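The values are calculated or read from the model by the stated rules, or taken from the named source; none is laboratory data. No experiment lies behind these values; they were computed from the predicted model shown. Neighbour counts run over all protein chains shown; Cβ positions are idealised from the backbone, glycine included. Heavy atoms of the whole protein, side chains included, go into the accessibility calculation; ligands, DNA and RNA do not. Shrake-Rupley method; radii C 1.70, N 1.55, O 1.52, S 1.80 Å.
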Amino acid sequence: MSKQQKLIQTYNDLLETAADQRLMHVVEELDSLSNTSPVPNNVNWQNLRMRYAQHSFQKPTVVPFREQTQSWWFTLTRKAILVPLIAALLIVTTASAFAATPLLQTLLQGGSYNAKDSIKYSTFGDIQLSQKIGNATVRLEKGYAEDHNIVLGVTVTPVDDNSILNNPRLTTADGTDLSSSGQLLGDVENHILAQSMTFSDANVTGAPASLNLILKMDLVQNGSTQTVVFHFQLPYHQGEIVAPHQQETSQGQVITLEKATIGKTQTTIEFSGLNEISVTSAVGKPVTPQIDMQTSSANHITTFDYAGNNESGKFVFRFNSDLSHYHGPWTIIVTKGNTYKWTFHINV
């Protein structure tokens, strides 16, 4: 028995045949919503990180889009039934949109391994733009821009478990590309897709008061890919920048701590000379440098979200968390294998 036949059998007081596709679609939506479990009050970050951690921005496979046929003909008796059905559907879907907030909040907070370093949800400003794509509503809800790092929060409803917003492209209104590197984090719960997008190394010049931005992204679901475009404005914030240009030597190798940029959504520690020092493991693979940031004698921050070259060729450690509440002396220890160890001291 087909899905439509099952619906006709279950709701035979509303549906006589499958000819009225619009009414069929409304009943199908109500049936789907009535059989879903509630959105959880909290989300297991480790689960989310395993599913989407450190995704690169890549293009999805494009397949043809199949548009749904809609009939605009109704009998008088069905109009009487359809009005309360649509009202109920609006109430349920509106509640679902608000229920997406805990999931989106968890993603935007960055999932720091130390709870006190999680990004504060109140940091993000409201954007609240929406766009209808087929049967789904895409909402650009939250955003924050600072020190060459831009974070956006998006939800889509209703979706299936395989839906994703992919291939995000962020530019200024005059065409400057801000999406050379970044990270996607997302999950689907109860037919709601929540996704955070972090654009690191955003090529912002100067210190503007705000940014006029254009976000393009592909909604991939049900075997189709459609592009969504939003035009919006975000205030631009300046974090604290400590630029000691401090040099240290280990085993005759000199590296320089150029600067530390400490914001509310990301902290970046930038070095020169570090990427030029080669260390290989016993199996011949390059060894990634490690960092130990001591903001106090009892607090060591060693887990980073990215380590590698930035757009200017400097080696950077990135922490997608809020470290702006740590003030005073920091000790920064960088190691490469068991051979090199450099120790730096800055005051934040």
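The lone criterion from (1) surrounded by 14 or more Cβ atoms within 10 Å (Cβ to Cβ); (2) within 27 Å of SER321 (Cβ to Cβ); (3) at pLDDT 95 or above left unmet by ILE164 is number (3). Output yes when any residue across the range 305-327 is over 24 Å from VAL204 (Cβ atoms) and touching a strand residue (DSSP E or B) at 6+ places or on another chain (Cβ under 6 Å), and no when none is. Checked the range 305-327: no residue is over 24 Å from VAL204 (Cβ atoms) and touching a strand residue (DSSP E or B) at 6+ places or on another chain (Cβ under 6 Å).
Just wondering, is there one or more residues in the range 203-220 that are within 13 Å of the chain's Cα centre (by Cα) and open to solvent by 20 Å² or more (accessible area, probe 1.4 Å)? The answer is no; no qualifying residue exists.
Among the residues of the range 239-252 satisfying the criterion of being touching a strand residue (DSSP E or B) at 6+ places or on another chain (Cβ under 7 Å) and in a loop (DSSP other than H, G, I, E, B), which is modelled with the lowest pLDDT?
Among those residues, the one meeting the criterion is GLY239.
To keep it simple, each residue is scored yes or no on (1) open to solvent by less than 20 Å² (accessible area, probe 1.4 Å); (2) under 12 Å from ILE332 (Cβ atoms); (3) part of a strand (DSSP E or B).
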position: VAL254; (1), (2), (3): no, no, yes
position: THR265; (1), (2), (3): yes, no, no
position: GLU270; (1), (2), (3): no, yes, yes
position: ASN275; (1), (2), (3): no, no, no
position: SER278; (1), (2), (3): no, no, no
position: ILE291; (1), (2), (3): yes, yes, yes
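Considering each residue of the range 307-328 in turn, at least one proves to be of a type in the set (Ser, Thr, Tyr), open to solvent by 40 Å² or more (accessible area, probe 1.4 Å), within 25 Å of the chain's Cα centre (by Cα) and modelled with pLDDT under 95.
Okay, residues lined up against (1) open to solvent by 10 Å² or more (accessible area, probe 1.4 Å); (2) under 28 Å from LYS259 (Cβ atoms); (3) touching a Lys or Arg at 6+ places or on another chain (Cβ under 7 Å):
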residue: LEU108; (1), (2), (3): no, yes, yes
residue: ILE119; (1), (2), (3): no, yes, yes
residue: SER122; (1), (2), (3): yes, yes, no
residue: ASP126; (1), (2), (3): yes, no, yes
residue: LYS132; (1), (2), (3): yes, no, no
residue: VAL138; (1), (2), (3): no, no, no
residue: ASP147; (1), (2), (3): yes, yes, no
residue: THR155; (1), (2), (3): no, no, yes
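Considering the range 146-194, the residues that are outside any strand (DSSP E or B) and under 21 Å from SER122 (Cα atoms) include one that is nearest to the chain's Cα centre (by Cα), namely HIS148. Checked against (1) touching a strand residue (DSSP E or B) at 6+ places or on another chain (Cβ under 8 Å); (2) modelled with pLDDT of 90 or more; (3) of a type in the set (Asp, Glu), GLU276 meets all criteria but (1).
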